[in-house]
1. So what's the angle, to the nearest 10 degrees on a 0 to 90 scale, between helix 209-226 and the longest Cα principal axis of the chain?
2. Let me check against my output: what whole-number percent is the relative contact order of the chain, with C-alpha pairs under 8 Å and at least 6 apart?
3. With +1 on each Lys and Arg Cβ and -1 on each Asp and Glu Cβ, and nothing else charged, work out how big the dipole of the chain is about its Cα centre, in Debye to the nearest 20.
4. With a 1.4 Å probe and all protein chains kept in place, how do Ile219, Ile97 rank by accessible area, largest first?
5. Counting Lys +1, Arg +1, Asp -1, Glu -1, what net charge surrounds Ser135 among other residues with beta carbon under 14 Å of its beta carbon?
6. Whose amide H sits under 5 Å from the amide H of Val99, counting only residues 5 or more places off or on another chain, with H placed in the peptide plane?
7. Can you find, among Ala87, Leu148, Ser73, the residue sitting farthest towards the positive end of the charge dipole of the chain, where Lys and Arg contribute +1 and Asp and Glu -1 at Cβ?
8. Using only Cα atoms and rounding to the nearest 10 degrees, what angle (0 to 90) does helix 133-153 make with the longest principal axis of the chain?
Amino acid sequence: MPLIVVTTSPRVAPGLLSHPAWQALRSGPVLTGSAAHPQLPYLAEAGVEVEVVEPDPRALVARAAGETVVWLSDQDGEDFMRAVGHAAVALAEPPPIEVVPGSYDLPGARVLDLVAVMDRLRTECPWDRKQTHESLVPYLLEEAYEVLETIEQGDYPALREELGDLLLQVVFHARVAEGFDMDDVAAGIVEKLVRRHPHVFGSVRAESADEVSDNWDAIKAAERAAKGAESALDGVPMGQPALSLAAQLLRRAERAGAPESLSAAVGQGVARELFDLVRRAAQGGLDAEAELRGAARAYRDRVRTWESSDGSQSGG
């Protein structure tokens, strides 16, 4: 006789079980080791009786050797099932063990864990409880730059961790917010992506990345007009680093047909030189901020080389 193990995911609403799981739960006596198992009220409502027992791998295997037994696994069932496997191997004629997924995670389901952990931290941790959108800004910027650092270095194993740190900041801000939550944030970006990709979700045709980009710009322009935007520069975040700010303003102005003479007369001294650098980089199809960052990194490397040489010790 088989031992049928029904597994469920804590990230799926209890009571939502697969058809094979319902069949299994009606094929023999159902046992579980947790009186607090979230599925119990729903199984009781469906007329499925579940006996709560002390988890005993040997007793469970011995019983399954004589009859079909269904074990409703809980969230901490991995160690128990490993012990069940060892107990079965010890028998001369072990029962077959069949695992039936009652529910399982879809892609992205672990984000629900992060939302739950953040909710608990916001409630129980004094430091997390006192944070505001304003106090979290430095961490948001720091984590974004750390993601950038791993990409520039090609350190993709580290990228996973850094993206997690950045995702935490998004979930943290959504938890701090009043008037919306993480579901609203996700719903907003889903709606925007669908709206701005009519070639994927609608009937518009786009055969190249350039066509996609042109469609995106046209849709954004229509959205700005619908919101009553009066300038092509509306919506440019003025709090971003100065070099990327200048680059974005120049790109927007160029798309709007602004004459180059408007940028030629901006600034003085070093500021004007930097603005000209951005303008020339944009005209040459280069990323001005990346160019300047590359120069800064080269300078850093030269300083480190100097520091490791005798010159740093001699004061030269």
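The values are calculated or read from the model by the stated rules, or taken from the named source; none is laboratory data. In this text, all values refer to a predicted model and were calculated from it rather than measured experimentally. Because the Cβ atoms are built from the backbone with ideal geometry, glycine has one as well, and the counts that use them run over all protein chains shown. Remember, those area values only see protein heavy atoms, side chains included, never the ligands or the DNA or RNA. Shrake-Rupley method; radii C 1.70, N 1.55, O 1.52, S 1.80 Å.
1. 80 degrees
2. Values: 290 pairs, mean separation 43.0, N = 316.
Once normalised by length, the contact order is 14 percent.
3. 680 debye
4. Numbers: Ile219 35, Ile97 75 Å².
Per-residue accessible area, sorted high to low, gives Ile97, Ile219.
5. Counting the neighbours of Ser135, the net charge comes to +1.
6. Val5
7. So the residue we want is Leu148.
8. 90 degrees
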